[in-house]
Every structure is written in C-alpha cells, then in structure tokens.
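For reference, the structure discussed in these notes is given below.
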Protein chains: 2
Amino acid sequence: MKFDIMRDRLLNGLNDVMKAVSSKTTIPILTGIKIDVTEEGLFLTGSDADITIQTFIPVEEDGDQLINITETGSIVLQARMFNEIVRKLPTNDVEIEVVNGLQTHIRSGKSEFHLIGSDASEYPLLPEVSADGSFSLPADLLKSIIRETVFAVAASESRPVLTGVNWQIQDDELVCVATDSHRLARRKTKLEQVPTDVNSVVIPGKSLNELNKVLEDSTNPVQIVITSQQVLFKTENVLFFSRLLEGNYPDTTRLIPAEFKTNVTINGKSLLQAIDRASLLAREDRNNVVRFETFEGNIVEISSNSPEIGKVEEQIQVEALDGENLKISFSAKYMMEALKAIDGQDVIIQFTGAMRPFILRSVIDDAILQLILPVRTY
Amino acid sequence: MKFDIMRDRLLNGLNDVMKAVSSKTTIPILTGIKIDVTEEGLFLTGSDADITIQTFIPVEEDGDQLINITETGSIVLQARMFNEIVRKLPTNDVEIEVVNGLQTHIRSGKSEFHLIGSDASEYPLLPEVSADGSFSLPADLLKSIIRETVFAVAASESRPVLTGVNWQIQDDELVCVATDSHRLARRKTKLEQVPTDVNSVVIPGKSLNELNKVLEDSTNPVQIVITSQQVLFKTENVLFFSRLLEGNYPDTTRLIPAEFKTNVTINGKSLLQAIDRASLLAREDRNNVVRFETFEGNIVEISSNSPEIGKVEEQIQVEALDGENLKISFSAKYMMEALKAIDGQDVIIQFTGAMRPFILRSVIDDAILQLILPVRTY
C-alpha cells in the first residue's frame, strides 16, 4: 500500500470516523482505524462495535486530484495516535506507505513516522444491510428530529430500551419518541416516500448524538436503511451504522392527556430564562424543582425557594391564559430542555391539574410534543 | 444599604474578585463576596486567605453615572450564587437592597431574588501594606514576566518554596527565577525606579497565574508593593494581594553553566513543532523523552522511539551550529515550555555535553534564560 493525500482531506475523514472509536473498547483491533486504499479512493473505518462509521475520500473530486495511489492495500493503525500524527504533520502533503506487511511510514516534509500497524483482515466486516426498508430525509431535518427528542432518553440503564429513541412508521409519518418515564418528547415528520417492512425500532441515544455531530447542516439527503438489528444512515461519502436496541418499546400514546383544564400561551424564551434564574436557587436543594402559578390578568409567576439560601420570584405576562387557576411544581431541567427543543417561539402549555402530566407544543404546529410529569410540593 | 448599578459593570468587577474565591476554603465567610457601598462607590472583595482581590467601581466615570446610591452599607453574599444570579438577570439595571440586617433583595426587571447575607464585620480585613518597597511596571510587561517564568515552578509541595517564583532586586534589575529542580526559567527586567528595602521574596505560582488573568494587556502601570509577608499589585481599580512563601529560595546562579561546547542557533517555532511531533510517540512511554542529535551541514535531528508503537525522525536545518557534535535527550514537555516562553523567534541553545544542563535564550537579548537538565538515555 502506498499513496499520497492532502492532509486536510485526510483529517476531515478521520474526524468523522474518530467519533466511533472508543478508548474503552475491550476488542483490541477496534482501538485502530482501518485504512483501505482501492482504485476508487480511500476508505477509513472506525467502530466501537455499537457504532461503525466509514468515510470515503475519492481519488478525484470536481476535477481536483485528492489522492495519488501508487499501490492499493489495507492496514489498521492505532486511531488516536494516527489522528494526532496527521493533525501535527508539518506540510499539507502526506505520503503513507506500508512495507513488509505491517510497517507503516508516514512522511510529510522532513518528518517521518514509523508505526507498526495491525492486519486489516482482523478488522470486523461492516454490518450487512439490504435497502428494503429505506427512506430519506434532508440532513438538517434529521438533525432537528434528533435534537428535539434525544435529550429525553433515560440516562440510566435500569430499563435499557428507554436509553434509545423509538422510531415508528405510522401511515405516512415517522414518529420518534423518547422518554425516561418522567418526561417524554415526541416528534412527527411527514415522509414523502414511505418504507415498507419497517414498523418500530429503537435507536440508541448515544448513536443519534454521534450521528448529529457527523451530519452537516445542509439539505443534502440522508438515506436511512432500517433492518432488524441495524440502522444505516448514508450520505454522499459517509456510512453511519448503529446497532438497534432489543426489547419492546412501551406504548406511550395512553400517557398523553387529551383533555385539559388550564391552557397557557407564553413566549418560550421568556419562560426559559425565568426558569433558568429560578433554578439557580432550586439547584441548591438538589431536586431542582421550581413552582409555576397562574394569576388573574394573564400573569404567571415562576418561583423557587431554598430555606438556607433564599428565594426568587418572577412574574411573566403571558399571551393567553384560560381555564382553572393552577399551582404546579416541576423539574427546572426537564422544562428547560423541553422549551429548548421547541426553540424560542410561542408555546402552548396544557395542564390537567397539579398532579397530572402536562404537555408543551409550539403555537405553529403539532409536530413536536413535550410531556412532563409534575412534582408534588403543594 | 441600597443602590442601583449597571449589571455589566457589576459583572466585570465580580469576574475579577471571583478569581480569589475558592470552593475548597475551610473558612465559611470566604465562600462569600464582601460588598461595601460608600459615598465614593462600590468595593467588591474576594479571598481564599492566600490571595485577596478587591475591585472598585466608582459612582461616576468619564461623566457617566455607574451607580446610584440610596444608602451606604456592607454585606457578604454567597459568591458563586451571587455571581450566577447577576449573570442571569433579565435587564442591565440591578437594584440591591439590604433590609433587617442581612436580608438582601436583588431586583432586575420583573425578577426578584431574596438572599440571606452574612455580617460584613466578620469578613477578614485587607492585609496591611505600607508603600515602602514600591515600584511599578506596565501591565503587559508584568504579564510577560509571569508567563516566561511561572510555568517552571514545582508542581509538588515536597519543597514548598519551589512552588513560587523568586523575585529579587539586584542593582537596578528585577530578577525573577522559577525552578522545579529539573529546569529553570529566569527573567531579568531593568527597573526605572528601584525600590529600597526589598531583597528577595517568593511569590506563589498560583497567585501569579491568577494575577495574570486579572491584569489587562495594556501599558497601564501596575504598582507593586512588597512587604515581609505580602505583596500587593495595584492597578487603577483593582487591588491584588498575595501572601509570600516562607523559607529561603536556593541560590541558582551556580547552576547556570558559563562555558559551552556546542552552540546551536535555530528557529524556535520549527524546533517547537518538531518536538511536539516527536513527543506524540515519546508520550506513550510516560517519560516523554525525545532525542536531539547534531549532524554535519547544520542539521539537527529530533527523534523518539516507542518500541511497541513505532518511531519518528525529523531533520531541521539550523541557522548556525558550532562546537562538538552532540547526542542528547531531554523532556519534550520542558523543552516545549521553554521554547514557548522565548516565543517563536530564533533561539540559541548552548550545551556543555550530553549529561550537563543546557541553556536556551533568544538571539535578540539575554533577558530570558531557560535551563533544562538532560535525561540519560545514550
């Protein structure tokens, strides 16, 4: 194997695949990155067994030659070391050559590194996915869907299936749901092309967070292929595989109330900032609970109280307030995360009483629904 | 106590004094910030007993009214909480009022915080310093002096006096020396006004690092007052006190060689980057040692070798090379820190053999001297 490549392009590719490499892996070969040089270009593969990322750098792009290949071949190089070496090379031209099987030379300017690689045939093969259950979404929309749901997955492994986001195809919609059993985030997205053979899968939250970092904020399509054990997200030059979580995702539809006693329309940003301030004192007690109370004259008061430190109160003029008066307490963290997912615009909050779950959604549409269980303090 | 202040100015002042507040303090009152409102303006004081910082915000500045004082007085408020509250207030106008002794109200827009303060009379008084041993330096020069020496102080407390930087007045020069007994940094600075009654003091490295963060990068003068137990750095609106370290600082002059067998003039930045690359492999062995070898034709080779991972070699064309040929090994970390202190320009490195300390200085002047002890590997 021998080739020359522009350092910046190699770094970009490495940057993506490094997101799949974990220092905690128990499989030694997975501390490495697999480099495959073919006539078409360079493939880089990184994996932690749960997530596998492969990037492709073509020999030529838009008439520019990116790689000059002298000899094809494959090698596995220690990921962190290889990445740091490439990052610190003195010039933008890099030559990589493998001699005598595993001895790898990396040359740039007057600097020469000699690394001992591992046999590429020991590196796990990519998961096999067939394109049956395939559909596509623009990258920026996919990133929004992830951002609006993934924060609500369970952090603890006590019910492993809740650490993932449930993706279901219902009629012509993709319905994504995450819950940690204290709050729930749901995002519905109309699909232009509806895949067959796909009902309900659970994608690990960690995988979606990494995918979000790999995806660019563009309208370029991402092809999504769902199989029984794996999901593949495919862009022009990146393949992102994740295993799926096993187990049945709970039916959450019955949790979402359909009738409401108090409805509040409020500026999401004002509410977010007021809760952020109130949580300064609430945090000291560790439970991070703030109070929310409605008053005549379209006023809501946010408050919190920490006996040893002090208290805070703030009134907000709301856009609309109807139904029964209400005093309710909830986690400032959950409320702030829900409001961030709805993103600054006016939100409608609908309550069914101080001890029942309440929901938040945008005034604009029903695509995003956030549900939070209150905390008993009154 | 009651006053109104611009939030941004209050935040700036808090930002400085917060640098002295430690969460690890064992003296409860020092978890707070003292606020003193006088007819002249607002004093904020923070301290961890070693470092004390006081900032002053005048009632009026350049014709702008910064503070509107209704009633003077003093209070101590929990530092971290007060700082976060001010940071998150909704408007740029803040009203702070103390009623019934310790009950403190912080109002901004429709937000109102109630904090329970502590009695300001329990807060330690500022150290007393008389202006006898006083001199001044421009702030940017003082920052340079700190940056060029403080990194070389000892990290371990096994010889406490080495965790500080020794400041001596010799004739009309300020001589600052730091060493951890493996390397040494020395900076000499001509003084325009030489203080009397000051010989040699040791300022804790931690204090100098914090001072460096508080000082602005300007040519404004900093007045420096040295007493037997304290040093005070005084700018227009900030007082920065630090205790001094006790104990005699070792005489380091005899460590610095006067005769040399090999002299190398080399571009500091090229050498720094080559050593950074070589240290990638050196680091794996934990000792972080790189080799430096001279060759005919004004060539220096930097290399390192990690048996399990690989090796790296890089040749650098030097500006000048005279004297005996040399193979020497040293800590990449020490060399990189020394080169950063000399800051990118051409440096002269002078050796007295592979087992003797060597020195680095700028080709431009002798103000900065860096000394490093080699490591035996050949």
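Compute the angle between helix A:332-342 and the longest alpha-carbon principal axis of chain A, please, reported from 0 to 90 degrees and rounded to the nearest 10.
70
Let a ≥ b ≥ c be the square roots of the eigenvalues of the Cα gyration tensor of the protein assembly as shown; is it rounded (a/c under 1.5), or, if not, prolate (a/b larger than b/c) or oblate?
It comes out oblate by the Cα gyration axes.
Beta carbons within 10 angstrom, averaged per residue: use that to sort the peptides B:164-170, A:255-261, B:197-203, highest first.
Numbers: B:164-170: 20.9, A:255-261: 13.3, B:197-203: 18.0.
Taking the mean over residues of other Cβ atoms within 10 Å, the ranking is B:164-170, B:197-203, A:255-261.
Which is farthest toward the positive dipole end of region A:221-378 among A:306, A:367, A:351, measuring Cα position about the Cα centre, with Cβ charges +1 (Lys, Arg) and -1 (Asp, Glu)?
A:306
If you keep only loop residues by DSSP, which GluC sites (Glu not before Pro) in region A:203-237 have at most 13 other Cβ atoms within 10 Å of their Cβ?
A:216, A:236
Compute the relative contact order of chain B as a whole-number percentage, counting only Cα pairs closer than 8 Å that sit 6 or more residues apart in sequence.
This gives 13 percent for chain B.
Which whole-Hz ³J(HN,Hα) couplings does region B:228-244 yield from phi under the Karplus relation 6.51 cos²θ - 1.76 cosθ + 1.60, θ = phi - 60°, glycine and proline marked x?
6, 10, 9, 10, 10, 10, 10, 10, 3, 10, 10, 10, 10, 9, 9, 5, 9
Which residues' amide hydrogens lie under 5 Å from the amide hydrogen of residue B:66, considering only partners 5 or more residues apart or on another chain, with H built in the peptide plane?
Amide H neighbours of residue B:66, under 5 Å, 5+ apart: B:60, B:61.
Give me the 1.4 Å probe accessible area per residue for the protein assembly as shown, excluding ligands and nucleic acids, in Å².
46
Quick one: helix B:139-149 against the long Cα principal axis of chain B, what's the angle to the nearest 10°, folded into 0 to 90?
Tilt relative to chain B: about 50 degrees.
Quick one: net charge around residue A:21, please, counting Lys, Arg +1 and Asp, Glu -1 for every other residue with C-beta under 9 Å from its C-beta.
+1
Given R₀ = 30 Å, FRET efficiency for residue B:324-residue A:116 by Cβ-Cβ distance, to 0.05? Before the final figure, lay out the partial values.
Numbers: r = 35 Å, r/R0 = 1.16.
In this case the efficiency is close to 0.30.
How many percent of Cα pairs in region A:134-253 exceed 26 Å?
Details: 775 of 7140 pairs.
Counting every Cα pair in region A:134-253, those more than 26 Å apart make up 11 percent.
Given Cβ point charges of +1 (Lys, Arg) and -1 (Asp, Glu) and nothing else, what value in debye, to the nearest 20, does the dipole of the protein assembly as shown about its Cα centre take? Mind showing how you got there, number by number?
On the way: 74 positive and 110 negative charges, 409 e Å.
That gives a dipole near 1960 debye.
Nearest 100 Å² is fine: how much accessible area is buried between B and A, summed over both sides, with a 1.4 Å probe?
In total, chains B and A hide about 2700 Å² from solvent.
Mind checking which of B:247, A:81, A:52 is farthest towards the positive end of the protein assembly as shown's charge dipole, using Cβ charges of +1 (Lys, Arg) and -1 (Asp, Glu) about the Cα centre?
So the residue we want is B:247.
Net charge around residue A:348, counting only other residues with Cβ within less than 12 Å of its Cβ (Lys, Arg = +1; Asp, Glu = -1)? Write down the numbers at each step before the final one.
Details: positive: A:361; negative: A:319, A:322, A:346, A:365, A:366.
Taking every Cβ under 12 Å from that of residue A:348, the sum is -4.
What is the Cα convex hull volume of chain B when expressed per residue in Å³?
Dividing the Cα hull volume of chain B by its residue count gives 176 Å³.
Would you kindly derive the ³J(HN,Hα) couplings of region B:167-174 from the backbone phi angles with the Karplus curve 6.51 cos²θ - 1.76 cosθ + 1.60 (θ = phi - 60°), listing them in order in whole Hz, with x for Gly and Pro?
For region B:167-174, the Karplus-derived couplings read 10, 10, 9, 10, 6, 9, 10, 8 Hz, x marking Gly and Pro.
Per the helix-only calculation at 222 nm, which mean residue ellipticity applies to chain B, given -39500 (n - 2.57) for every DSSP H run of n ≥ 4 and division by its residues, nearest 500 deg cm²/dmol?
After summing the helix terms and dividing by residue count, I get -5500 deg cm²/dmol.
What spacing in nm lies between the two simple spin-label points modelled at residue A:366 and residue A:93, each 7 Å away from Cα in the Cβ direction?
The modelled label-to-label distance comes out at 6.3 nm.
Separation between the residue B:100 and residue A:197 pseudo-spin-labels, each 7 Å from Cα along Cα→Cβ, expressed in nm?
7.2
Considering amide H positions built from the backbone, and no H for Pro or chain starts, which residues 5 or more places from residue B:222, or on another chain, come under 5 Å of its amide H?
B:137, B:139
Relative to the first principal axis of the alpha-carbon coordinates of chain B, what is the inclination of helix B:79-88, with its axis defined by its Cα atoms, in degrees from 0 to 90 and to the nearest 10?
For helix B:79-88, the angle is close to 80 degrees.
Shielding of A:79-85 by partners, i.e. mean partner chain Cβ atoms within 10 Å per residue?
3
Under the definition of Cα pairs under 8 Å and six or more residues apart, what whole-number percent is the relative contact order of region B:134-252? Don't skip to the answer; put the middle values down first.
On the way: 236 pairs, mean separation 35.7, N = 119.
Normalised by residue count, the contact order of region B:134-252 is 30 percent.
Go from 0 up to the bin containing the longest alpha carbon distance in region A:75-129, width 5 Å each, and give me the % of pairs per bin.
The percentages, shortest bin first, are 4, 18, 26, 21, 14, 8, 6, 2, 0.
Out of B:189, B:162, B:137, whose Cα points farthest toward the positive end of the dipole of the protein assembly as shown (charges: +1 Lys, Arg; -1 Asp, Glu; placed on Cβ)?
The residue sitting farthest along the positive end of the dipole is B:162.
Counting only other chains, what is the mean number of Cβ atoms within 10 angstrom of the Cβ of each residue in peptide A:306-313? Numbers along the way, then the final one.
On the way: counts 3, 1, 2, 6, 13, 5, 7, 5.
Per residue, the number of nearby Cβ atoms from other chains is 5 on average.
When the Karplus curve 6.51 cos²θ - 1.76 cosθ + 1.60 is applied with θ = phi - 60°, which whole-Hz ³J(HN,Hα) does each residue of region A:345-360 get, with x for Gly and Pro?
Running phi through 6.51 cos²θ - 1.76 cosθ + 1.60 with θ = phi - 60° gives 6, 5, 10, 9, 10, 10, 10, 10, x, 5, 10, 10, x, 10, 10, 10 Hz.
The values are calculated or read from the model by the stated rules, or taken from the named source; none is laboratory data. Everything quoted here is computed from the prediction, not taken from an experiment. Every residue, glycine among them, receives a Cβ derived from its backbone with ideal geometry; neighbour counts consider all protein chains shown. Please note that ligands, DNA and RNA were not included when accessible areas were found on the heavy atoms of the full protein model with its side chains. Shrake-Rupley method; radii C 1.70, N 1.55, O 1.52, S 1.80 Å.
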